[in-house]
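Step one of this worksheet: look at the structure below.
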Amino acid sequence: MSTMEKELRVGMVGYAFMGAAHSQAWRTVNRVYDLPARARMSVICGRDESKVAEAATRLGWEAYTTDWRELITRDDVDVIDVCTPGDSHAEIAIAALEAGKHVLCEKPLANSVEEARAMVAAAVQAQAAGVRSMCGFNYRRVPAVALMRHLVESGRLGVVRHVRAAYLQDWIVDPQFPLVWRLQRDKAGSGALGDIGAHIIDLTQFVTGQRITGVSGLTETFIKERPLPSEAAGLAASADGSGTGPVTVDDAALFLARLDGGAVGTYEATRFATGRKNAVRVEVNGSLGSVAFDFERMNELEFYDATAPGTEQGFTKILVTESDHPYLSAWWPPGHIIGYEHTFTHEMRDFLEAVGTGADPTPSFVDALQVQLVMDAVTSSAEQDSAWTEVAPALAEVAA
Ligand SMILES: NC(=O)c1ccc[n+]([C@@H]2O[C@H](COP(=O)([O-])OP(=O)(O)OC[C@H]3O[C@@H](n4cnc5c(N)ncnc54)[C@H](O)[C@@H]3O)[C@@H](O)[C@H]2O)c1
């Protein structure tokens, strides 16, 4: 560690899917990027002692604890990384910010707008004392997505007219798939909308630089009752044979949107797109060109340049692996592609870069509140036969 480098001691809550992804990123980030701050994997937290002890060893953490309240008051922790389901984000993040810890919180920020607002208030207050916060929308950190934003920002697409976004998965098509926490409103806040729709809302607002101002939404729950799971586990749970329970969230959420720069958008989030595993698809059409991205081919970006001679026009597949593409200077030679886990390494890179230089990382809790406001508007619209529903700007709330 150079003498100029700050050490940031991380305490992470939750050790399953995101816990493992974040651990890998914390382990890797300073070995790949030269940064003003160095992450130290200090303490991991989970409720089950034997499981969290095993996770600490497997994932590379120095110590463990079974109580997040103890974690946030420890002197040997500077950053709290929240990798739990949405029902505990607000409580943990607010308490951590009040204890003076920087916070990285997984998406969606919260289970409701009310909780998200309280988190923003805590973040704004903490910011005055130099305490930073960020929400983990990792798809922003796919190099092809960052390139997409760069092309829009630098005017290569001209005036953006259309945003076409879909996040398609199929892991609950089987009606016998159990009632895991993602299918319970009290744990997850919403279904496909918050779990995956949140990503495409953030991603498209990020890429276009435009804010969604109004929506008309539609939600559907195809399978209304499912077997109870063996434990409140993640994606790999099995039924425990003790009966069934009601699905209390949406299986699919669709909406039309207007954005504040004049673009119109269509959005679809579903876990019933049979055959689609993790297809995060975004296409943007502008007056001078288009870009199209699909996460299942995450190293590629399709670009159509309408200013090229007519005889040469067509979608070009850019292999986004050049060292001067976003994030890639530190990785492999051109054509040696990267994967899902790199998006988290890039997330930690951006977090450490900002916190290490005393700046606010993005997306901020305000950006994440903006996503929450869109989700809330989609839900209310769907409850009122898809009535047009305005989305207020989160920044105006913060300023008020
Ligand atoms: N960025 C992404 O692409 C992405 C992908 C998946 C999940 N997520 C988000 O990450 C969060 C976690 O999802 P996951 O898939 O890792 O879930 P998971 O079920 O795999 O893991 C959740 C972990 O939290 C622990 N936990 C639950 N409640 C807790 C509490 N009160 N105190 C301490 N530990 C608790 C569980 O024991 C488990 O270790 C969610 O907010 C989810 O939306 C983000």
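The values are calculated or read from the model by the stated rules, or taken from the named source; none is laboratory data. Being a predicted model, the structure only gives us computed values, none of them experimental. Every residue, glycine among them, receives a Cβ derived from its backbone with ideal geometry; neighbour counts consider all protein chains shown. Ligands, DNA and RNA are excluded from the accessible area calculation, which covers all protein heavy atoms including side chains. Shrake-Rupley method; radii C 1.70, N 1.55, O 1.52, S 1.80 Å.
Output the residues belonging to the range 168-189 that are open to solvent by less than 10 Å² (accessible area, probe 1.4 Å) and within 26 Å of Phe293 (Cβ to Cβ).
If the condition is that a residue be open to solvent by less than 10 Å² (accessible area, probe 1.4 Å) and within 26 Å of Phe293 (Cβ to Cβ), then Ile172 is the only one that fits.
I'm trying to understand the selection: among the residues of the range 250-268, which are among the aliphatic types (A, V, I, L, M) and under 20 Å from Gln210 (Cα atoms)? Walk me through how you get there before you give the answer.
Here is the first cut: in the range 250-268, the residues among the aliphatic types (A, V, I, L, M) are 252-254, 256-257, 259, 263-264.
Within the range 250-268, Leu254, Leu256, Ala257, Leu259, Ala263, Val264 meet the criteria.
Using the structure shown, decide if Thr311 is touching a residue at least 40 places away in the same chain (Cβ under 8 Å) and of a type in the set (S, T, N, Q). Walk me through it before giving the result.
Working: touching a residue at least 40 places away in the same chain (Cβ under 8 Å): no; of a type in the set (S, T, N, Q): yes.
It is false that Thr311 is touching a residue at least 40 places away in the same chain (Cβ under 8 Å) and of a type in the set (S, T, N, Q).
In the range 336-394, what residues are of a type in the set (A, V, I, L, M), farther than 25 Å from Gly130 by Cβ and open to solvent by less than 40 Å² (accessible area, probe 1.4 Å)? Spell out the reasoning first.
Filtering the range 336-394 for residues of a type in the set (A, V, I, L, M) gives 337-338, 348, 352, 354-355, 359, 366, 368-369, 371, 373-375, 377-378, 382, 387, 391-392, 394.
Applying the additional criterion that residues be farther than 25 Å from Gly130 by Cβ yields 337-338, 371, 373-375, 377-378, 382, 387, 391-392.
Within the range 336-394, Ile338, Val371, Leu373, Val374, Met375, Ala377, Val378, Ala382, Ala387, Val391 meet the criteria.
Kindly evaluate Glu283 against the criterion of being open to solvent by 70 Å² or more (accessible area, probe 1.4 Å), within 30 Å of Arg258 (Cβ to Cβ) and touching a Lys or Arg at 6+ places or on another chain (Cβ under 8 Å).
Numbers: open to solvent by 70 Å² or more (accessible area, probe 1.4 Å): no; within 30 Å of Arg258 (Cβ to Cβ): yes; touching a Lys or Arg at 6+ places or on another chain (Cβ under 8 Å): yes.
Answer is no for this residue.
Take Arg40 and decide whether it is modelled with pLDDT of 95 or more, open to solvent by 60 Å² or more (accessible area, probe 1.4 Å), within 14 Å of Phe351 (Cα to Cα) and in contact with an Asp or Glu (Cβ under 9 Å, 6 or more places away or on another chain). First the steps, then the outcome.
Working: modelled with pLDDT of 95 or more: yes; open to solvent by 60 Å² or more (accessible area, probe 1.4 Å): yes; within 14 Å of Phe351 (Cα to Cα): yes; in contact with an Asp or Glu (Cβ under 9 Å, 6 or more places away or on another chain): yes.
Against the criterion (modelled with pLDDT of 95 or more, open to solvent by 60 Å² or more (accessible area, probe 1.4 Å), within 14 Å of Phe351 (Cα to Cα) and in contact with an Asp or Glu (Cβ under 9 Å, 6 or more places away or on another chain)), Arg40 qualifies.
Would you point out which residue out of Ser50, Ser88 is of a type in the set (Ser, Thr, Tyr) and touching a residue at least 40 places away in the same chain (Cβ under 8 Å)?
On the way: Ser50 fails: touching a residue at least 40 places away in the same chain (Cβ under 8 Å).
Unique residue meeting the criteria: Ser88.
Is it fair to say Ala192 is more than 15 Å from the ligand (Cβ to nearest atom) and open to solvent by less than 10 Å² (accessible area, probe 1.4 Å)?
On the way: more than 15 Å from the ligand (Cβ to nearest atom): no; open to solvent by less than 10 Å² (accessible area, probe 1.4 Å): yes.
No, not satisfied.
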